[in-house]
Amino acid sequence: MNQLTRGTLLAVVLAASACSDSTGGDTTRPPADVTVLRLAATAPPLCADSAGAYFRKDPNGQDQEIALVFPEGGGSCAGSTEDFLRLKLKPLSLQRWPDSTLFANGDSVFIWVKWVGSDSILFDLEPSGLIFDPANPAELKLEYGEASDDLNHDDRVDGEDSTIEQRLDVWRQEKPGDPFVRVGTAKAEDSKEIEARLNGFSRYAIAY
């Protein structure tokens with residue numbers, strides 16, 4: 001999908017689903033009814049399983065990002081890499097601290113992400129309870145290029161795997177054992193990535 005088409009898709013889908021991200025959703029399921037996508041056995045080790053940085057509310061600032069990445073093409077982390085997770089905040093994304101206090105211009109907070117899925121595409125985003133401005137939400141991009149083409153791991157690649165790929169979405173879980181809530185997203189299957197806008201932090205997974 002070219003950048004213009006993909007950008008248009010993202011804008012349309014996310015605008016339509018702005019109210020079904022980190023504070024709601026049109027589908028809620030118990031954990032037993034959600035299958036989290038797994039990485040292929042051949043996936044390379046992550047360069048790091050967590051990342052963090054201070055993010056600042058600044059009307060005159062720039063977008064800020066953190067990412068978890070794989071080495072690309074069997075190389076090393078010192079060379080080219082491919083994204084597994086990328087989180088981006090806009091200069092005015094930060095709205096409220098976990099205690100509901102409003103962020104003032106110039107306030108900053110340490111944000112970190114951690115892969116907690118063992119062989120699954122599941123992440124913790126912290127600090128829990130952080131709230132973002134609905135007009136300037138956090139943007140989360142997850143990539144599943146290192147997942148097996150055999151998405152259901154039944155030892156064959158067939159039409160069922162294609163059907164599963166069409167059903168993939170980002171799902172939110174407040175804490176282990178809680179129900180999963182489907183998040184409004186845009187997906188580009190040719191580049192194997194899913195993007196979502198978030199109003200807050202919890203656990204996020206690619207699942208079906």
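Among the residues of the stretch 78-92, those that are within 16 Å of Glu143 (Cβ to Cβ) and of a type outside the set (Gly, Ala, Ser) comprise Thr81, Glu82, Asp83, Phe84, Leu85, Arg86, Leu87, Lys88. Only a single item in (1) over 15 Å from Asp63 (Cα atoms); (2) free of Cβ contacts under 8 Å to residues at least 60 places away in the same chain; (3) of a type outside the set (Gly, Ala, Ser) is not met by Asp119, and it is number (2).
Of the numbered criteria (1) surrounded by fewer than 20 Cβ atoms within 10 Å (Cβ to Cβ); (2) within 21 Å of Glu195 (Cα to Cα); (3) of a type outside the set (Ser, Thr, Tyr), the one Ile121 fails is (1).
Every test in (1) modelled with pLDDT under 80; (2) surrounded by 15 or more Cβ atoms within 10 Å (Cβ to Cβ); (3) in a loop (DSSP other than H, G, I, E, B) is passed by Val13 save one, and that test is (3). Contact map, the stretch 26-50: first residue of a type in the set (Lys, Arg), second residue in a strand (DSSP E or B), Cβ cut-off under 7 Å, separation 6 or more or different chains; pairs are Arg29/Phe180; Arg38/Ser120; Arg38/Ala147. When Arg197 is tested against the conditions (1) of a type outside the set (S, T, N, Q); (2) out of contact with any Pro (no Cβ under 7 Å at 6 or more places or on another chain); (3) more than 26 Å from Ala40 (Cα to Cα); (4) part of a strand (DSSP E or B), the lone failure is (2).
Screening the stretch 124-168 for residues that are more than 22 Å from Glu193 (Cβ to Cβ) and hydrophobic (A, V, I, L, M, F, W, C) and picking the one that is surrounded by the most Cβ atoms within 10 Å (Cβ to Cβ) gives Leu130.
The values are calculated or read from the model by the stated rules, or taken from the named source; none is laboratory data. Since we're looking at a predicted model, the values are computed, not measured. Methodologically, a virtual Cβ is constructed for each residue, glycine included, from the backbone with ideal geometry; neighbour enumeration extends over all protein chains shown.
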